[in-house]
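The values are calculated or read from the model by the stated rules, or taken from the named source; none is laboratory data. Quick caveat: nothing in here was measured; it's all calculated off a predicted structure. Cβ atoms come from the backbone with ideal geometry, glycine included; neighbour counts cover every protein chain shown. SASA here: full protein model, heavy atoms, side chains in, ligands and nucleic acids out. Shrake-Rupley method; radii C 1.70, N 1.55, O 1.52, S 1.80 Å.
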Protein chains: 2
Amino acid sequence: VSRTLIALDWGTSSLRAFRMQQGQVLETRHSAEGIQPLATQGAAGFERAFAAITAGWLDGPVAVVASGMVGSAQGWREAPYVGCPADVHALATQAQQVASGAGPAVLIAPGLLFEPPGSPPDVMRGEEIQVAGALLQEPAWAEAARFVLPGTHSKWVEVERGHVTGFATHLTGECFALLRAHSILGRLMPAEGDAAAELAGFDQGLAAARTSRPGELLHQLFGTRTLGLTRRLPPAALPGYLSGLLIGHEMLAALGANTRLRQAPLVLIGEPALQARYARALAFFGRPADAVLANTAPQGLWAFARAVGVLDS
Amino acid sequence: VSRTLIALDWGTSSLRAFRMQQGQVLETRHSAEGIQPLATQGAAGFERAFAAITAGWLDGPVAVVASGMVGSAQGWREAPYVGCPADVHALATQAQQVASGAGPAVLIAPGLLFEPPGSPPDVMRGEEIQVAGALLQEPAWAEAARFVLPGTHSKWVEVERGHVTGFATHLTGECFALLRAHSILGRLMPAEGDAAAELAGFDQGLAAARTSRPGELLHQLFGTRTLGLTRRLPPAALPGYLSGLLIGHEMLAALGANTRLRQAPLVLIGEPALQARYARALAFFGRPADAVLANTAPQGLWAFARAVGVLDS
């Protein structure tokens, strides 16, 4: 046990390291060595990336924990999914320990598996730690709350009595990136952004999504092209329109889902640009966020480390 | 006017040429010189591709017509869209003539524009000619029928009293190709196909789509990954599952659309592999196709040429 924690938020395309004491972040570092560039290098690659990002941090006694895709089959050490309902203690009992090659061992948090009856299962890695961080920040949410974590794979997470009881992933960010970069819809879009035009397009995309009929996304997507082709939307508005359509469909499904938690607080967690879009979309769909938080991974990793018992408290 | 027609079905990625007399195809040729590889070469590229595919066909008197993306802004000569409702005579009055550089001029058919009140416009190029071909084959359909033309951009076309009165595009094929090649969903899919496993996956994807709630596609897509990850579907079934999900969403939207033509014949036009998938999906959704046709572009180009008045009949 130690008083200092090295907390690693280790995802597909980036690695964030936090040096923490008493639940507070003292120092933050960032690297592009996500698991994707490391996956082909085996343990040695992870050890090297770990040593690089923790340089000078390992002199005294420290505990080290990590969350995210680093615990996937393509990561440093696979930490199998834990089933829902689960809290941070359930994550702690399934933590996987791996030698860092540079002193302290690393405790890797598992991800979560949700198996809704009659539907395909759902999985996440990393967001469960962010939710744990949010609960540390506002313990009242543990009783009942919903969390929205936008991203490449957006997550809507339900918490009741301190446990994640279920969640749903939406492929929103990945579909946007693919359609913009590789589809016919991207052809009319300018390389340069124009924030005002994008926002106007975004609102129109949300409006189209809100009135859509079941199954209609694949048809509505083509509107991104025809609105440009017929000059009803300027090229600079088209990326926003596409984003609004996709995020709007996510809203339609997630806010329309059958849940006991309709009246519970709705908490938005994410980096600023996406946070702003999602906050706007939630308001547009008549269910504004009750709270908006930046990345809560450091606090979540602190809660996880405490649950594992490696912190001196 | 002549008795022989050279009919060109000239799309984005391929060029099909038909030598015809009395409405019958005497000879067919195919080339990969769609407008995409030619777009950067200007008229000279189109002239060269035309000369190559018609080699030996231009000795006697011939008329030449073309349909598809060859009439787009990126094509040989732009033939602006004609508004709905429109029949083959409306297309004929807006035909664009371009010198072929090899003898006869080429008459390029315009595409169609549909502007539904309160929704984005829709456009097509080529499918309107296929529909004209189907109407030549079965004149009774001119009174009232719906046509489904699967593809990269699937089209659902409504015909009343001989005119195309409206249509809707679905980005189904393009989304499937993108998600399979570039998204996380493709990672678990094998390079080799397995027809039986794909078909089983396809039916499961259709079933998931049929019971989906509004906006749910982006969430359901992720099921393609989790069903693979948790081994509930074998890798070989995943491409079929994704295809079933997407085609199922198209069915949900198109068959659920508000239309006067719910009781009218539903005609499926397409190449064999896609045709089989769509026929299966239509039946699964309780509305089997009343007729299934292979490519009707040659007959449609014949009808267009007659309407233009370049055929000796």
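Per DSSP H run of n ≥ 4, the term is -39500 (n - 2.57); total these for chain B, divide by its residue number, and report the mean residue ellipticity at 222 nm rounded to 500 deg cm²/dmol.
-11500 deg cm²/dmol
Per-residue HN-Hα couplings for the stretch A:161-170, Karplus 6.51 cos²θ - 1.76 cosθ + 1.60 at θ = phi - 60°, whole Hz, x for Gly and Pro?
Listing the rounded values in order: 6, x, 10, 6, 9, x, 6, 9, 9, 10 Hz.
When the label point is put 7 Å from the Cα of A:V1 along its Cα-to-beta-carbon vector, which residues of the stretch A:270-313 have a backbone N closer than 15 Å?
Those under the cut-off are A:305-313.
Taking only Cα atoms and a 10 Å spring cutoff, compute GNM fluctuations for chain B and point out the largest among B:P235, B:P298, B:P37.
B:P37
For B:V82, which sequence-distant residues (separation of 5 or more, or a different chain) have an amide H within less than 5 Å of its own amide H, given hydrogens modelled in the peptide plane?
Residues meeting the amide H criterion: B:G111, B:L112, B:L113.
Each residue of the stretch B:184-189 in order: what ³J(HN,Hα) in whole Hz does its phi give by Karplus 6.51 cos²θ - 1.76 cosθ + 1.60, θ = phi - 60°, with x for Gly and Pro?
Per residue, the Karplus-derived 3J(HN,Hα) values read 4, 5, x, 5, 8, 8 Hz.
Determine which residues of the stretch A:1-44 fall in the zone a paramagnetic label at B:R187 would reach in this model, i.e. backbone nitrogen under 13 Å from the point 7 Å along Cα→Cβ.
It comes to A:11-14, A:34-40, nothing else.
Where does helix A:195-210 land angle-wise versus the long Cα axis of chain A, in degrees 0 to 90, nearest 10?
The helix A:195-210 is inclined about 80 degrees to chain A.
Applying the Karplus parametrisation 6.51 cos²θ - 1.76 cosθ + 1.60 with θ = phi - 60° to the phi angles of the stretch B:105-113, what ³J(HN,Hα) value in whole Hz is obtained for each residue in order, glycine and proline being reported as x?
Using θ = phi - 60°, the values come out as 6, 10, 9, 9, 6, x, x, 10, 10 Hz.
Estimate the FRET efficiency between A:V25 and B:D194 by the formula 1/(1 + (r/R0)^6), using the beta-carbon distance for r and 51 Å for R0, to the nearest 0.05.
After rounding to 0.05, the efficiency reads 0.55.
For B:V292, which sequence-distant residues (separation of 5 or more, or a different chain) have an amide H within less than 5 Å of its own amide H, given hydrogens modelled in the peptide plane?
Those qualifying (amide H under 5 Å, at least 5 residues apart or on another chain) are B:L268.
Once the label point is placed 7 Å from Cα along Cβ, list for B:A102 the distances to the corresponding points in the other copies, in nm, shortest first.
6.5
Place the label 7 angstrom along Cα→C-beta at A:E143 and in each other copy, then list the distances from the first to the rest in nm, shortest first.
6.7
At 0.36 nm per residue, minus the direct Cα-Cα distance, what do A:H89 and A:S13 gain on full extension? Give it in nm, one decimal, please.
Residue separation times 0.36 nm, minus the Cα-Cα distance, leaves 24.6 nm.
Leaving ligands and nucleic acids out of the surface, order B:D290, B:D59, B:D194 by accessible area at 1.4 Å, largest first.
I get B:D59, B:D290, B:D194, largest accessible area first.
Counting Lys and Arg as +1 and Asp and Glu as -1, what is the net charge of the other residues whose Cβ lies under 13 Å from the Cβ of B:L178?
0
Express in nm, to one decimal, how much length is gained between B:A55 and B:R231 on full extension, taking 0.36 nm for each residue of separation and deducting their alpha carbon distance.
The span from B:A55 to B:R231 would gain 57.9 nm if fully extended.
Can you compute the FRET efficiency between A:Q36 and B:R287 using 1/(1 + (r/R0)^6), with r the Cβ-Cβ distance and R0 = 60 Å? Round to the nearest 0.05.
With a Förster radius of 60 Å, E is 0.85.
Let me check against my output: what whole-number percent is the relative contact order of the stretch B:2-75, with C-alpha pairs under 8 Å and at least 6 apart?
Answer for the stretch B:2-75 is 40 percent.
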